[in-house]
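The values are calculated or read from the model by the stated rules, or taken from the named source; none is laboratory data. Small disclaimer: the values here were computed from a predicted structure and weren't measured. Using ideal geometry, Cβ is built from the backbone for each residue, glycine included, and neighbour counts are taken over all protein chains shown.
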Amino acid sequence: MEHHPYKPLNPLWLKAAVVGSIWASIEIVLGSFLHNLRVPLSGTMLSFIAVYLLVTFSHIWNDKGLILRAGVITALMKSISPSAIILGPMTGILAEAFLLELFLRLVGRNWLGFLMGGAFAVFSALLHKIISLLLIYGSDVVKILSLLYQYATKQLHLESLENPWHALWVLAIVYLAAGMVAAWLGCRMSRKILRSPELDDSIGLSFKKERQLFAQSSVSDKYAMLHVALHLLIIIGALLLLNKAFYISSLFIGTVYLTFCFIYYKHALRRLTKISVWFQFIAITLLASILWNGFSQHNFYPTEGAAIGLKMIFRAMLVMVGFSVIGTELKNPSIKSILYSRGFKNIYHALDLSFSALPDLLTHMTPREKKVENYKGLLVRFFRNAQSLLQSFTNEDRQKPSVLIISGETHRGKTTYSQKLVSLMLEQNMPLTGFLTVNTTQKAEEPSYAIKLLPRNGELPFIESEAREHWIKFRKYYFNTDIFQKGMKHVEAGISATSKFVILDEIGPLEMENKGWSPLIEQLCTRVDIFQIWVVRRHLVPLVIKKWDVGHVYIADIEHDKPEDCLKIVN
């Protein structure tokens with residue numbers, strides 16, 4: 001019998017999960033607060049706070065790699081958020097964490113390392129903004145902004161500062177200085193925290209498991225990586241044609257692509273429905289018309305400038321919509337499944353843990369009165385309770401139920417095998433509940449199945465090959481939807497009546513697509529006191545283990561293991 005022991009997350013990933021979930025909470029709560037107040041440079045302010053947070057925690061927990069891991073978790077939490085705009089924030093978060101970690105490795109975990117790392121982490125927000133503008137509007141935006149800057153300096157009689165590089169140098173110095181201040185404040189705060197004990201009002205967390213995080217995708221979603229590649233190729237191709245002045249070809253490809261996105265990815269319209277975006281488009285067109293060569297020719301509305309403005313708007317629409325769609329594909333469960341199976345298992349365990357804590361952290365993160373000083377007090381509280389938060393995450397990571405999986409090929413006797421195990425358990429008066437799926441076929445051409453409720457053996461019609469009213473079709477069979485509700489109530493009642501063992505026959509393709517018994521399984525995965533027995537087809541066993549993050553897993557093969565062997569495991 002196979003045994004897959006559960007390997008808890010190592011302490012470094014647990015600490016990263018704590019820091020990442022707090023960072024994500026700040027991005028959500030404080031980001032929304034600044035956005036609602038329409039505070040300018042809110043992204044820069046979030047970068048400043050992120051550096052302050054990371055520097056403080058890196059002193060509390062002096063672990064190499066903590067910052068980068070926390071950045072990865074926060075970025076991935078952003079990727080699974082409902083927002084249509086994820087690529088920009090994800091790359092910004094990763095850049096901040098990477099640069100801070102890099103300078104600590106190069107310079108050392110000293111004052112200089114933290115100051116330089118903090119400086120360049122906040123400076124990355126400026127670089128990110130510049131790169132985003134270039135990506136969205138192209139290199140033409142550089143000329144327009146340069147002309148606008150030169151015009152402004154002339155009007156203000158600051159001809160000595162006419163070169164746009166002067167403004168960039170000033171901005172760079174401001175951002176670098178802000179990053180140093182954030183790092184200095186983090187170092188200062190960490191010294192205060194390390195000198196004082198934890199607060200009495202410790203932060204208690206309740207974890208709400210989000211099992212959809214590891215949801216197995218349907219067959220139609222398994223080409224997500226190919227979709228991402230195709231979207232990138234189309235966007236790059238259309239932009240290359242636009243840059244090479246093949247305007248008609250670019251316009252044709254871009255229009256067809258945008259139409260396709262609007263039909264099949266309706267959320268892609270969301271960003272284009274914002275008034276602020278259209279104000280940007282109008283401003284770009286007007287500035288291009290006026291500034292492109294208007295002052296030199298004393299013609300404030302030249303055709304060339306207007307054409308440049310329209311070209312920039314078309315490019316912006318293509319990039320905005322395209323990357324919004326790519327962001328959607330990157331949320332696809334099949335991509336998470338690919339990463340999960342290629343050595344990134346720890347990341348997704350930590351991510352699952354962070355997402356589970358997020359609802360409660362958001363509650364603690366939101367002050368009664370939304371003032372800036374109140375947010376500062378909340379951060380200090382999180383710093384002072386770092387160890388208790390880590391202990392909460394550690395305890396939750398260990399709260400996983402053990403599962404015995406009975407596996408075999410289709411129609412090879414898994415249910416008969418399970419019935420023998422149930423009989424052995426009942427002989428020993430083991431309190432169990434659950435159900436078996438028994439074959440009730442009368443005619444070979446009309447297969448049918450029923451649910452046998454345990455332990456009282458009542459049978460209910462469940463699956464048939466012929467259509468019935470109110471039954472749902474899945475592949476070639478029809479399922480009685482009422483049975484799912486009755487089965488859940490039966491199991492819940494059994495657990496309430498002191499049942500310590502639950503058997504589910506069977507977990508199949510329907511559950512892999514988050515249907516059928518999937519909600520019941522998700523509930524049971526939160527019950528560490530219940531030993532579970534799952535009946536699963538052999539080829540689905542790895543996917544089932546991956547989908548539901550459980551503890552110790554024992555796999556009994558009906559062709560090699562006896563029911564008595566399973567009984568020993570259950571005991």
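Details
- Exactly one residue out of Arg109, Arg105 is of a type in the set (Lys, Arg) and not in a helix (DSSP H, G or I): that is Arg109.
- Residues satisfying the stated conditions in the range 506-528, i.e. in contact (Cβ under 8 Å) with a residue 60 or more places away in the chain and part of a strand (DSSP E or B): Glu506
- Residues considered: Ile472, Ile533, Ile483, Ile503. Of these, the only one that is farther than 30 Å from Ala357 by Cα and in a strand (DSSP E or B) is Ile472.
- Candidates Ser423, Ser402 - the one that is among the hydroxyl-bearing types (Ser, Thr, Tyr), crowded, with 16+ Cβ neighbours inside 10 Å and at pLDDT 90 or above: Ser402
- Search result, residues across the range 541-571 that are among the acidic types (Asp, Glu) and either part of a helix (DSSP H, G or I) or closer than 19 Å to Gln523 by Cβ (or both): Asp549, Glu564, Asp565
- Looking at Gly20, Gly65, just one residue is of a type outside the set (S, T, N, Q), assigned by TED's automatic domain parsing to the domain that holds Asn110 and in contact with a helix residue (DSSP H, G or I) (Cβ under 6 Å, 6 or more places away or on another chain), and that residue is Gly20.
- Considering residues of the range 500-531 that are polar (S, T, N, Q) and closer than 23 Å to Asp482 by Cα only, the residue surrounded by the most Cβ atoms within 10 Å (Cβ to Cβ): Ser518
- Condition met for Leu432 (in contact with a strand residue (DSSP E or B) (Cβ under 9 Å, 6 or more places away or on another chain) and without any contact (Cβ under 8 Å) to a residue 40 or more places away in the chain): no
- Comparison of Tyr265, Tyr247, Tyr257 shows that the only residue that is under 30 Å from Asn514 (Cβ atoms) and modelled with pLDDT of 75 or more is Tyr265.
- First in the range 460-477 and basic (Lys, Arg), second anywhere and surrounded by 15 or more Cβ atoms within 10 Å (Cβ to Cβ), Cβ under 8 Å, 6 or more apart: Arg468/Tyr478; Arg468/Asn480; Lys473/Phe479; Arg475/Pro509
- Taking the criterion of being at negative phi, touching a residue at least 40 places away in the same chain (Cβ under 8 Å) and not acidic (Asp, Glu), the residues of the range 409-422 that qualify are Thr410, Arg412, Lys414, Thr415, Tyr417, Ser418, Lys420, Leu421, Val422.
- Here Ala288, Ala283, Ala307 are screened, and the one residue that is modelled with pLDDT of 80 or more, assigned to a helix (DSSP H, G or I) and more than 25 Å from Ile248 (Cβ to Cβ) is Ala283.
- Count - residues of the range 130-161 that are over 29 Å from Lys244 (Cα atoms), acidic (Asp, Glu) and surrounded by 15 or more Cβ atoms within 10 Å (Cβ to Cβ): 0
- Residue count for the range 86-115, restricted to those that are in contact (Cβ under 8 Å) with a residue 40 or more places away in the chain and either closer than 15 Å to Val55 by Cα or in contact with a strand residue (DSSP E or B) (Cβ under 6 Å, 6 or more places away or on another chain) (or both): 10
- Criterion applied to Ala16, Ala50 was being part of a helix (DSSP H, G or I), within 30 Å of Val550 (Cα to Cα) and small (Gly, Ala, Ser), and the one residue passing it is Ala16.
- Set side by side, the residues Lys400, Lys420 differ, and just one is in a helix (DSSP H, G or I) and of a type in the set (Lys, Arg), which is Lys420.
Let's see how each residue does on (1) loosely packed, with under 13 Cβ neighbours inside 10 Å; (2) at pLDDT below 90; (3) under 34 Å from the mean Cα position of the chain (by Cα):
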residue	(1), (2), (3)
Ile451	no, no, no
Pro455	no, yes, no
Pro461	no, no, no
Ile483	no, no, yes
Lys489	yes, no, yes
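Okay, residues lined up against (1) more than 16 Å from Gln532 (Cβ to Cβ); (2) out of contact with any Ser or Thr (no Cβ under 9 Å at 6 or more places or on another chain):
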position: Thr433; (1), (2): no, no
position: Gly458; (1), (2): yes, yes
position: Phe462; (1), (2): yes, no
position: Ala467; (1), (2): yes, yes
